[in-house]
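Data block below; observations after.
The values are calculated or read from the model by the stated rules, or taken from the named source; none is laboratory data. These figures come from a predicted structure and were not determined experimentally. Note that we place each Cβ from the backbone using ideal geometry, even for glycine, and neighbour counts take in every protein chain shown. Surface areas here come from the heavy atoms of the whole protein model, side chains and all, with no ligands, DNA or RNA. Shrake-Rupley method; radii C 1.70, N 1.55, O 1.52, S 1.80 Å.
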Amino acid sequence: QVQVVESGGGLVQAGESLRLSCAASGSIFSFNYVGWYRQRPGKRREFVARMTEGGKRWYQDSVKGRFTISSDSMKNTVYLQMNSLTTEDTATYYCNARNAHSTFGDSGVWGQGTRVTVSS
């Protein structure tokens, strides 16, 4: 089965940047959508960003203009460039590949998560 593995999390100061990576064991765009979700402390997992192989992109409102999702097909990897980080971005970030059109639910393939901590 296709597996995805996240990396790139860490501890940063507010205002700094991180680049997360999601590496797939196979063609990551064998799924219709590949994206990122996060779970902040005390909250449920939420949608952050996603994209299609054709270049369509969607973002949660709170990250628009700060986060950018991109991919490298040769590496079967999807990235999340996170700029201007705030303490509210502190969360465990998960990579997800799914065929369902909805951003809701727990369908598809999930990684184990990579933790991002933003300090003030």
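Taking F67, F104 and ordering them by how much accessible surface each has at a 1.4 Å probe, largest first, produces F104, F67.
Only Cα pairs under 8 Å and 6+ residues apart enter the sum, and on that basis the relative contact order of the chain stands at 36 percent. Coupling constants for the range 16-28 follow from the phi torsions by the Karplus curve (6.51 cos²θ - 1.76 cosθ + 1.60, θ = phi - 60°), and in residue order they are 8, 10, 9, 10, 8, 10, 10, 9, 9, 6, x, 5, 5 Hz; glycine and proline get x.
Protein heavy-atom surface of the chain, 1.4 angstrom probe: 46% of the accessible area is carbon and sulfur, with nucleic acids and ligands not counted. Among the trypsin sites (Lys or Arg not before Pro) in the range 6-111, which ones are in a DSSP loop with at most 11 other Cβ atoms within 10 Å of the Cβ? Mind listing them? The qualifying sites are K43, R44, K56, K64.
Entry comment: accessible area of the range 68-120 is 50 Å² per residue, from protein heavy atoms only and a probe of 1.4 Å. The Cα trace of the chain gives Rg and Dmax of 13.2, 40 Å, the first to one decimal, the second as a whole number. With a Förster radius of 35 Å applied to the beta-carbon distance between D61 and Q112, the computed FRET efficiency rounds to 0.85. The length gained on full extension between S120 and S30, counted as 0.36 nm times the residue separation minus their Cα-Cα distance, comes to 28.4 nm.
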